Every structure is written in structure tokens, then in C-alpha cells.
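Trainee: Before I ask anything, let me first share the structure, which is written out below as C-alpha cells.
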Amino acid sequence: MTELAFPDGFLWGTATAAHQVEGGNSNSDWWEWELKPGTQCKEPSGAAIDHYNRYGRDIALLAGLGFNTYRFSVEWARIEPSEGVFDEAQLEHYRRMVEAVRKSKLIPMVTLNHFSLPIWVAAKGGWLSDDVPALFERYVRRVVEAFGDSVDWYCTVNEPGIVAFGGYLGAIPFPPGTHGVANWKRAAHGLIEGHRKARAAIKALRPAAQVGQTHAMQEWESNAGGRPAMEYSRRMMEDIYVAASREDDFVGVQTYTRARVEMPRLLGPLSRVALAIPPIEDMVVARAAHPGKINPTPATNPAVRLTQMGWEFRPQAVAATVRRVAEVLPGKPIVVTENGVAAADDADRVEFITDALKSLHAVIADGIPLRGYVHWSAFDNFEWDKGYAMQFGLIAVDRATQEREPKPSAQFLGSIAKANRLTVAG
Ligand code: BGC
């Protein structure tokens, strides 16, 4: 047996996002979209797992399992239901939630925007609107004032690369539905601007807070022909956002899988030229960089093991992305703010966690400042357009009774967290 010890003070957590677990988020653009006739959303979020009302017991359960951190998001649509009107009762709700997290001896890590927007913000064009970064900043200020010194970790915008790519380029079925290449670029700009403004506001109010963005990142691979398209995709989906983390206190890495871009060898030089021409570059990226879809499917490569999401089962991908951040921003503290697997068989999750942590331990051994591992997700929950069928949770939820049942993987990861070490055979 080998003991893989993690550094003192390592953050061991689980994550959720308000819209995916709270239920009844009826003032958000997502709720609206889920109920639209002809929506691509499999089912509406409805009562979700009623975390809005059950957070107390949920938090106690997570603490009891051995974790020391809980990453969750506060919902802009609840806190500012219409422009400039802040709902004190909702701020108080989240303040109580933070208190519950702290009383359970968990470190609260608060995400300020996890995909969903208030309907009134979406009506302005969401992240396309020149006004939204400043409106986001104003909302962030109210939240940080309400939390005072009880929150040390803030994630501003969750996965800006995915929001821009999915919501504004229209590459994945994702609201708010204002699609197109020009919108994509504009949204990317708005998201980065929103992050910068939010960071400045948080640091002004609470200089000791650790502020970062959380980035969707994949382990990228290509053959020789696919290399220019792969590099381009990675740049447009990840690198530009990671670069915007240069001034942050930490970088949040969120990795689920590996993406492989394959093109005939002859297309390599051609696409290198094509990628330099804006209209074509945009078309190429739209087709080539579809997350999770670039992997060989069983039809083309039956040897690739897939998760419920249709993504390659690739626990080590997270180490590759952490290494990439360390290459781009050397010395910058990194936290894995999401990593996990959608799997019906919980044994797959235990295997995934083991291999992911082994790969991350090697990263730390190489001197990369990895500060924590936050697993997605604490609970089975609402997986956006895919509804409730995907099982990412360490804890199962019977949505008819709202009963929670920790899976063996919850005990497994909780014990690792408690011991601050992973024991592996050999
Ligand atoms: C998001 C989560 C989502 C998870 C699994 C991340 O992109 O932040 O909200 O549930 O991936 O798809």
C-alpha cells in the first residue's frame, strides 16, 4: 500500500450550483427557456432537489462525510429580481446558508454567477449588453457586503468559455439563444469584463478574499492534421479566459474529459491558413470544438469508454489541465473547482476519483501549487438541457421523497478528505 499525502490545509470539497439544486428558480432565463414550447431542454428543473429549503441538512451531511469545503452559488435572479431592486430576504437567506456552512466547519466557496441570469438581464441581451458587466458588479457588491468577513473564497463567473460558446455561439443547446459568431466574441468580452469588475469590487470590500474564475478545460489531443484546429479551439475556448485570470488570487479548473481533434494530415497546413481568416476561422471552430463531441464515439471507436454524458472516461484529464494552467500562469495557485463523472454505476465514480487524485498528487509532487479538489457534484441534480438523467452525485436523491442517500463514493472521497491522503495499492 502507498500513502499519497496531500498538503496541509488542502481544500476537499463538493460543488453545486443554485439553479441545478435549489428548485423554483422561476425568475431566471433558464427557467423561462425550460418551459418554452419546442425547448431543447429534456425536462424542466421544477423543484430540483429542494436545496433551497433543505440546505441545512445537506450541509450537515457533507460535513459528516469528512469534507472541509462547500462550493455553491448564489442566484442573481433571486437577489435582484428586477433592475436595481435587491431582495433583502434573499440576501438574508444566503447569509444564513453561509453561516450554516461555517457552523458545520466547512469553508464556504461562493460562486456569484453559475450560468443562469435574471430574466431582466437576459432581456437586455445578457452578456452581450454593454451594461451587464457593471450591473453584475453592483450585484456582486451587494452580496459581498451582506457576507462581510464570513466568506474567503469567491468564484466570479462560472465557465465563461462555455457560456460564450454555448449560449452565444450556439454550439451547444444552451440559452439564452442569441447565437452567432459576432455575439460569441462580444459575450466573451462581456464575461471577461464582468469578471474583472467583480474582482475589483470584491477586493475593494474584502482585500483578504481569494478571488478567481472557474474555467471549463479539457485535455486536448490531436493528430498532425488536427493540430491547428485544436490549438485554435483551445485558445478560443480556454486560453483567452485563463489569460484573464492573470491578476486573480487563484484559478479554478473544471475538467471532465479529453477532446481529440482529428483531420487528414493534408488539412493541417490548409487549416492553419484558414484559421487566420476570420470568417472561416469561426466556422472551423464551430464545427471542430464541440465539447464532448470531438471524442471518438462508440460507432467510430468502440474501444473508448464513455460516461453517461457521452464523454470519454478520462480521470487523468484533470492533471493535464492543471499542468496547462501552471504553464500559462506559472506559480499561480490553482483549485480544481469541479471534476467528476456522470455514471450509473457508483464503482465507476470511485475508480474515477482514485485515478484523478493519483494524477493530481503527481502534479503537486512536481511543485505545482494545487490548493484543493472540489468534486462535482455533491448530489445528483439538474444537468441543464439533459435534465435529471445524468448521475454526477456522490449522494443520490429520490426526487419523489427528496430523500438523500450517500453512495459508496461519498464515503470514499469523504474518508480521503478526512485523512488528507489517498491510500493506493502497490
Ligand atoms: C458546470 C456544471 C455542470 C457540469 C457537468 C460544468 O460545466 O459548471 O454546472 O453540471 O459541468 O456537465
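The values are calculated or read from the model by the stated rules, or taken from the named source; none is laboratory data. Everything quoted here is computed from the prediction, not taken from an experiment. Cβ coordinates were reconstructed from backbone atoms using ideal geometry, including for glycine residues, and neighbour counts include every protein chain displayed.
Trainee: What single numbered condition from (1) under 15 Å from V132 (Cα atoms); (2) within 14 Å of the ligand (Cβ to nearest atom) fails to hold for G161?
Mentor: So G161 meets the others, but not (1).
Trainee: Restricting attention to segment 390-412, which residues are within 16 Å of the ligand (Cβ to nearest atom) and over 14 Å from A342 (Cβ atoms)?
Mentor: The answer is I395, V397.
Trainee: From the list G166, G161, which one is without any contact (Cβ under 8 Å) to a residue 12 or more places away in the chain, part of a helix (DSSP H, G or I) and under 21 Å from the mean Cα position of the chain (by Cα)?
Mentor: Going through G166, G161 in turn, the sole match is G166.
Trainee: Does any residue of segment 382-399 turn out to be free of Cβ contacts under 8 Å to residues at least 40 places away in the same chain, touching a strand residue (DSSP E or B) at 6+ places or on another chain (Cβ under 8 Å) and over 20 Å from S73 (Cβ atoms)?
Mentor: Scanning segment 382-399, I find at least one residue that is free of Cβ contacts under 8 Å to residues at least 40 places away in the same chain, touching a strand residue (DSSP E or B) at 6+ places or on another chain (Cβ under 8 Å) and over 20 Å from S73 (Cβ atoms), so the answer is yes.
Trainee: Follow-up question, since we're still on this one. Note down all Cβ pairs under 7 Å where the first residue falls in segment 254-268 and is within 12 Å of E312 (Cβ to Cβ) and modelled with pLDDT of 90 or more, the second is among the hydrophobic types (A, V, I, L, M, F, W, C) and in a strand (DSSP E or B), and they're at least six residues apart or on different chains.
Mentor: Close Cβ pairs (under 7 Å, with a partner that is among the hydrophobic types (A, V, I, L, M, F, W, C) and in a strand (DSSP E or B)) amount to A259/W220.
Trainee: Do we find that V336 is within 14 Å of the ligand (Cβ to nearest atom), within 20 Å of Q316 (Cα to Cα) and in contact (Cβ under 8 Å) with a residue 60 or more places away in the chain in this structure?
Mentor: Yes: the conditions hold for V336.
Trainee: Let me ask something else. Pick from segment 176-226 the residues that are in a loop (DSSP other than H, G, I, E, B), of a type outside the set (G, A, S) and closer than 18 Å to T111 by Cβ: which of them is farthest from the ligand (Cβ to nearest atom)?
Mentor: My answer is R206.
Trainee: Let me ask something else about it. If we scan segment 16-26, do we find a residue that is touching a residue at least 40 places away in the same chain (Cβ under 8 Å), of a type in the set (A, V, I, L, M, F, W, C), more than 14 Å from S377 (Cα to Cα) and surrounded by 23 or more Cβ atoms within 10 Å (Cβ to Cβ)?
Mentor: Checked segment 16-26: no residue is touching a residue at least 40 places away in the same chain (Cβ under 8 Å), of a type in the set (A, V, I, L, M, F, W, C), more than 14 Å from S377 (Cα to Cα) and surrounded by 23 or more Cβ atoms within 10 Å (Cβ to Cβ).
Trainee: If you don't mind, there's one more thing I want to ask. Kindly evaluate P315 against the criterion of being under 25 Å from G387 (Cα atoms) and not basic (K, R).
Mentor: Taking the combined requirement at face value, the residue satisfies it.
Trainee: Can we say V98 is β-branched (V, I, T) and farther than 29 Å from F174 by Cα?
Mentor: Here the answer is yes, as V98 does meet what is asked.
Trainee: Here's a follow-up. State which residue is farthest from the ligand (Cβ to nearest atom) when the search covers only segment 244-270 and only residues that are crowded, with 24+ Cβ neighbours inside 10 Å and part of a loop (DSSP other than H, G, I, E, B).
Mentor: It comes out as S245.
Trainee: Would you tally the residues in segment 377-389 being surrounded by 24 or more Cβ atoms within 10 Å (Cβ to Cβ) and within 10 Å of the ligand (Cβ to nearest atom)?
Mentor: 3
Trainee: Of the residues that sit in segment 339-369 and are within 16 Å of the ligand (Cβ to nearest atom) and surrounded by fewer than 20 Cβ atoms within 10 Å (Cβ to Cβ), which one is nearest to N420 (Cα to Cα)?
Mentor: Among those that are within 16 Å of the ligand (Cβ to nearest atom) and surrounded by fewer than 20 Cβ atoms within 10 Å (Cβ to Cβ), it is D348.
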